[in-house]
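These notes are about the structure you will find just below.
Every number here is computed from the coordinates shown, using simple stated rules; none is lab data. Source: prediction; values computed, not measured. A quick note on method: Cβ atoms are made from the backbone with ideal geometry, for glycine too, and the neighbour counts reach across all protein chains shown.
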Amino acid sequence: MKKKKIDNFISLPCLANARLKNDDQNIIHRDCFVVDDFLKEYGKNKKYFIRTFGCQANVRDSEIVAGLFDKMNMTQTEKMDDADIIVINTCAVRENAVDKMFGEIGQCKSYRQKKCQVCAIIGCVCEQPSNVDKILNTYPHVNLILGTHELPYFCDNLSSLLKNGYKRLVNVKSQGGSVFENFPSHRQNKYKAFVNIMYGCNKFCTYCIVPFTRGRERSRLMKDIINECNELVLQGYQEITLLGQNVNAYGKDLNDGSTFAKLLEQIANLNIPRLRFTTSHPFDFSDDIIDVIAKYPNIMKSIHLPVQSGNDQILRLMGRRYNSQSYRDLVDKMRRKIPGLTLSTDIIVGFPNETEEQFEDTLKMVDYVKYESAFTFIYSPRCGTPAAKLIDNVSDEIKHERFNRLVKCLEKHISNYANSMVGNVFNVLVDGPSKNNPLMFSGYTEENKLVHFPSKNLSLIGKIIKVKIISSHTYSLIGEIYE
Ligand code: SF4
């Protein structure tokens, strides 16, 4: 990496450090994030733009950055060319997200030459040395690069950049990570909220970069999470989604008896109308969690349970810690105990060495579980992961062919399920006018199915109403208001 190009070098990413266990983990409580007068003055009459790639954890991080900008007296703009500060919050999990992100960074160049003073790249991409190297060498208009662990210090870094005449600043500390409390926040949605319950991951699935980019598993204290959820209930929020890379492992690092089952139960008792969580690792999906889900009607029965592959050898190569039979047994147990359960999943095709027979085991798994939705991915090596050392020996042609067969297989079950909903009435949390058809409103059922229905009644936004399904497409339903 060419350090001489960095004007204000603080630290660069290091994957070896990122692997280290977080023995000296700190839970740092800050009562308030003080935005100093310098930043408040700077922010007056200025606008910020944030583009977010990736998962809900990134969406939540962007809400926190937006909250900090609000405290700086800045206002949000939806137009990149209107912004004084552009922030691109990045995702390193898939190659196409990284490619899109680089396209977006390129787009900022012309804006930097006009109004924009700060072009900041934050998030998981910044934790990978090769990506930071590429940004430093290819995109001179980017003047702030911050790793995931710098989020609590965003204002300090910004302040330093501004006081140093906008000279490029890079601060990426590859480490296990800490837990901070009481972030300011600008929530994107007034009735659906994301709440972090933990950060990082200890699983180190061989293909995954997340444990390197987000650090080790570290849980927030139960009381802090419950306080945040309670406030959301008081504010009238209708749905809370608890976030973590592996929520089922919540509390294991705390040594105070906290478990995900206990947390889920306490939040369900706050009477939030809809409680969701993501993501679950099948390895940690214990019986007490299943029992709590079954017990509380306000815990939604649509659960994301990534399988990744249906073949035991591939699962072993992926380091997933379960096999196809134990996954099936878990699904059977959940179905027995949780009436109305619907399952979604993640699947990777074309992992190194995957044979036709092994891929067909994945199709068999899809036929067995009958997922109601799925995220499907073509394998791409993530630099620095153990799997990246394997030869990526499944050709692109075969990967695409398997991908298409997988999607077809999934769509058969997704369509069957959607068809089975026709004629029935479902509770729908109304989002508002549909993006593509102003005559229709959209919302989601408890099963997380997207429903469009005719309405112009803006007062329905954020309410849970009954909708009768009259027809179905693979990925959405058409309905009419029932009452
Ligand atoms: S459980 Fe595996 S796939 Fe999920 S974040 Fe952790 S390492 Fe990545």
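The table that follows gives values for the structure above.
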| item | result |
| --- | --- |
| Loop-located GluC sites (Glu not before Pro) in region 54-104 whose Cβ has at most 15 other Cβ within 10 Å (DSSP) | E78 |
| From the C-alpha gyration tensor of the chain, square roots of 5λ in Å | 35, 28, 23 |
| The chain: relative contact order as a whole-number percent, Cα under 8 Å and 6+ apart | 11 percent |
| Violating pairs (Cα-Cα greater than 29 angstrom) within the set K109/K399; K203/K337; K46/K109; K333/K449 | K109/K399 |
| Straight-distance crosslink candidates among aspartates and glutamates, where the alpha carbon sits under 14 Å from K408 and sequence neighbours closer than 8 are dropped | E360, D367, E372 |
| Length-normalised contact order of region 187-420 in % [C-alpha pairs under 8 Å, at least 6 apart] | 17 percent |
| Full-extension gain in nm, L254 to A16, via 0.36 nm per residue minus C-alpha separation | 83.2 nm |
| The chain, helix-only ellipticity at 222 nm - DSSP H runs n ≥ 4, -39,500 (n - 2.57), divided by all residues, nearest 500 | -10500 deg cm²/dmol |
| Part-to-part distance (alpha-carbon centres) for region 416-483 and region 304-365, which is given in Å | 30 Å |
| Proximal lysines to K223, defined as alpha-carbon separation beneath 18 angstrom and excluding residues fewer than eight positions away on the same chain | K252, K262 |
| Of K364/K389; K412/K456; K364/K412; K40/K192, those spanning more than 25 Å from alpha-carbon to alpha-carbon | K364/K389; K412/K456; K40/K192 |
